[in-house]
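This report refers to the structure that appears directly beneath it.
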Amino acid sequence: ALRKEVEGELHSNFIFQVVDIILEIMGLEKDPEPYQETLRVLESLLEAQLNLGEFGKARDLLNRVHIILKTYQLAEWQVKAIGHFVELLGDAEHTQRLGAILEKETELHLEDVSAYLLLLDFKAVPGLIKVLGDLGNSKGRRMLCDVICELAKGKPEIVIPFLDDSRWYLVRNLAYILGRIGGESSLPYLQKASTHSEPRVRREAVQGFGLIGGPRALALLTKSLKDPDLRIRGLAAINLARVGKKASLPPLLEVIQAKDFPKRDPSEVKAFFDAAGSVGSNDALRPLQQTLEQRGWFGGGVKDEVRLAAANALALIGSQEAKAVLEAGTNSRDESIRRACLEAKRKFGT
């Protein structure tokens, strides 16, 4: 009877008045059957609040349920009943309804939605991933990604079944999540994403390698230096230097010392030079100096950009030897060398 009454009064004022009574019953009721009925009423209350877009109130209610779970002296069956209730809120049916609300409502406070979802059980993740794949709102998708990162932290296996989805944008979002939740246990799955046909998926996988770090990530980043997309190669170089420090120099220098490297797109050249320079080792000095001082190239615009990238990398190294090369360059008879060295010295204050 109480449940029917609640379902008949779905406006938020009524809900607000009833909440305290329901929660008090949860703390005091010792009979399993009325207890289950109370939880069903609570489910109706939450659904009513969510349908009204009142995610802030739904969050407060669910948070109070968690407080009861943590602070009351409950019997084992009560703990299980509340745990099952929270788990139920994240099942496929409930998350699908949430997705419909997120798609329909344009004026939701996403921070309230996020705070509510973070109170769900980690078993809500598969349903939330399905919502993520269908949701058209970009801000809503980013919010869901961050929620899933929290709920699935340390449990990358929950995400894995969805990596074969045909929608590249969902796989990209999953790669983003994997880079933040599982540490090294995520790497085999990110490795799979790093061979995806869509460059934006591969780019997110490379970012994930950089976030996770470690020897295995170093090897995967080295492999990505040969990606077909020049932007991903550059991103891999930057992440490789950050993860591997001095250990990253051999694979970086192998690329930099290739005969055709200075003729590559200037943005890629700059990324590799910046990566090598950021390591701060004189081991990169010789190829950078050779590039800076090399003559006889055609296409002045590209030549100047490449020289400047080499000079900037020398400034990044910052050693006395690197500074000496730059200083010598400022006195060069070649105007483009002088200009590159002066600009690098000005930019980095060397």
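The values are calculated or read from the model by the stated rules, or taken from the named source; none is laboratory data. Computed from a predicted structure; not experimentally measured. No Cβ is skipped: glycine too gets one built from the backbone with ideal geometry, and neighbour counts run over all protein chains shown.
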Go through the range 154-175 and report how many residues are of a type in the set (G, A, S) and touching a Gly at 6+ places or on another chain (Cβ under 9 Å). 2
Identify the residue in the range 254-273 that is in a loop (DSSP other than H, G, I, E, B) and in contact (Cβ under 8 Å) with a residue 12 or more places away in the chain and, among all such residues, is surrounded by the fewest Cβ atoms within 10 Å (Cβ to Cβ). Q257
Filtered residues of the range 45-86 (kept if in a helix (DSSP H, G or I), crowded, with 17+ Cβ neighbours inside 10 Å and small (G, A, S)): A48, A58, A81
Going through A276, A247, A219 one at a time, which residue ends up being in contact with a helix residue (DSSP H, G or I) (Cβ under 6 Å, 6 or more places away or on another chain), at pLDDT 95 or above and assigned to a helix (DSSP H, G or I)? A276
One residue from G213, G244, G234 being in contact with an Asp or Glu (Cβ under 7 Å, 6 or more places away or on another chain) and of a type outside the set (D, E): G234
Scan K263, K270 and give me the residue that is out of contact with any Lys or Arg (no Cβ under 8 Å at 6 or more places or on another chain), basic (K, R) and under 26 Å from T350 (Cα atoms). K270
Every residue in the range 222-244 that is of a type in the set (K, R) and not in a helix (DSSP H, G or I), please. K226
Restricting attention to helices (runs of 4 or more DSSP H) lying wholly within the range 120-196, give those where 1 or more residues are under 20 Å from L50 (Cα atoms) and of a type outside the set (K, R). 125-134, 138-151
Test each condition in (1) at negative phi; (2) surrounded by fewer than 18 Cβ atoms within 10 Å (Cβ to Cβ) for R202 and report the one that comes out false. (2)
Restrict the check to the range 215-237 and report whether at least one residue is in contact with a His (Cβ under 8 Å, 6 or more places away or on another chain), surrounded by 17 or more Cβ atoms within 10 Å (Cβ to Cβ) and under 23 Å from C145 (Cβ atoms). no
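Per-residue answers, yes or no, for (1) in contact (Cβ under 8 Å) with a residue 60 or more places away in the chain; (2) crowded, with 18+ Cβ neighbours inside 10 Å; (3) among the hydroxyl-bearing types (S, T, Y):
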| residue | (1), (2), (3) |
| --- | --- |
| L88 | no, no, no |
| E93 | no, no, no |
| G99 | no, yes, no |
| K104 | no, no, no |
| V113 | no, yes, no |
| Y116 | yes, yes, yes |
| D121 | no, no, no |
| K130 | no, no, no |
| I148 | no, yes, no |
Would you point out the residue of the range 21-44, among those that are part of a helix (DSSP H, G or I) and out of contact with any helix residue (DSSP H, G or I) (no Cβ under 9 Å at 6 or more places or on another chain), that is farthest from N63 (Cα to Cα)? E33
List the residue pairs whose Cβ atoms are under 7 Å apart, where the first residue sits in the range 327-342 and is free of Cβ contacts under 8 Å to residues at least 12 places away in the same chain, the second is in a loop (DSSP other than H, G, I, E, B), and the two are 6 or more positions apart or on different chains. R338/S332
Residues in the range 317-326 that are surrounded by fewer than 22 Cβ atoms within 10 Å (Cβ to Cβ) and within 17 Å of K246 (Cβ to Cβ) total 3
Please work out which one of (1) touching a Leu at 6+ places or on another chain (Cβ under 8 Å); (2) at pLDDT 90 or above; (3) not polar (S, T, N, Q) is the condition K80 fails and give its number. (1)
